[in-house]
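Notes for the one structure printed next.
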Amino acid sequence: MDLHSVQNTWTDRAGEYSPAYYAHHGPNDTSTVIRDILSGHLPRDATVLELGCGSGRHLKHLASGGFENLSGVDINAEAFDTMRETYPTLAADGTFHCGPIEDIIGDFDDGQFDAVYSVETLQHLHPDVEWVFKEVARVTNNVLVTAEIEEPIRDSSSPDPDVNYVDKETPLYYRDWSRIFTAFDLVEVDVVHGDRDTIRTFRVSD
């Protein structure tokens, strides 16, 4: 699939894995792990950015834990409509950007966010925009957390061992996040292996 096709699968997504789908399910175990990680490294007034925030269920869990300065990026405009309906205080208090990560991240300053995290989002970025990973490291001032699927959790119909499909139109690219982000002078300090995701915590090196 080309870059534009991959973007479209998320820009107009409805039904399963849509913003409304995740809002219905609400915060999950991954939300708790991320909140625990950030709580162990940062004060509650830290600036936090979620890449692929959707309707905000993970950010809402952070807000419930006292984090005050929350931002998010999502490609799907419906995500923010759903956020305003489901988590109105988060929608009003946070700072949000609608568009592809690759179109937005360059506007952020170096080290603008004390923490940056993603949950099953970076894995969907097309290979043509892998330069984004260096930008993610650039805007991170302290802690980066990746919660991504790194290996097959079910049989894949794809002939490429590095790609699977969420459905017939949505590719998932398996990547070595440890190798990727340590190459940008981040230090991996913790790994949690879940049923689906591998959650890696990186610190900016001194």
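The values are calculated or read from the model by the stated rules, or taken from the named source; none is laboratory data. Everything numeric here is computed off the predicted structure, so don't read it as measured data. Every residue, glycine as well, gets a Cβ built from its backbone with ideal geometry; the counts of neighbours run over all protein chains shown. Protein only, heavy atoms only, side chains kept; ligands, DNA and RNA dropped before computing areas. Shrake-Rupley method; radii C 1.70, N 1.55, O 1.52, S 1.80 Å.
When the residues of the stretch 105-133 are filtered to those that are open to solvent by 10 Å² or more (accessible area, probe 1.4 Å), assigned to a helix (DSSP H, G or I) and touching a strand residue (DSSP E or B) at 6+ places or on another chain (Cβ under 9 Å), which remaining residue is modelled with the highest pLDDT? Ranking the candidates gives Asp107 first. Among residues of the stretch 160-184 being hydroxyl-bearing (Ser, Thr, Tyr) and in contact with a helix residue (DSSP H, G or I) (Cβ under 9 Å, 6 or more places away or on another chain), the one that is nearest to Val129 (Cα to Cα) is Tyr173. Evaluate the following for Ile75: is it in contact (Cβ under 8 Å) with a residue 24 or more places away in the chain and more than 14 Å from the chain's Cα centre (by Cα)? In short, no.
State which residue is nearest to Ala46 (Cα to Cα) when the search covers only the stretch 91-104 and only residues that are open to solvent by less than 50 Å² (accessible area, probe 1.4 Å) and free of Cβ contacts under 8 Å to residues at least 40 places away in the same chain. Per the criteria, the residue is Gly94.
When you go through Arg203, Arg175, Arg196 one by one, which is the residue that is open to solvent by 10 Å² or more (accessible area, probe 1.4 Å), in contact with a strand residue (DSSP E or B) (Cβ under 8 Å, 6 or more places away or on another chain) and part of a loop (DSSP other than H, G, I, E, B)?
Only one candidate qualifies: Arg175.
If you go through the stretch 151-206 and pick out every residue that is farther than 16 Å from Ser118 by Cβ, in contact with a Leu (Cβ under 9 Å, 6 or more places away or on another chain) and modelled with pLDDT of 95 or more, you end up with 2. Pick from Leu38, Leu59: which is in contact with a Cys (Cβ under 9 Å, 6 or more places away or on another chain), assigned to a helix (DSSP H, G or I), at pLDDT 95 or above and open to solvent by less than 20 Å² (accessible area, probe 1.4 Å)? The match here is Leu59.
In the stretch 42-55, the count of residues that are open to solvent by 50 Å² or more (accessible area, probe 1.4 Å) and of a type in the set (Gly, Ala, Ser) is zero. On the basis of being hydrophobic (A, V, I, L, M, F, W, C) and open to solvent by 50 Å² or more (accessible area, probe 1.4 Å), does Ala79 make the cut? No; evaluated as a whole, the condition is false for this residue.
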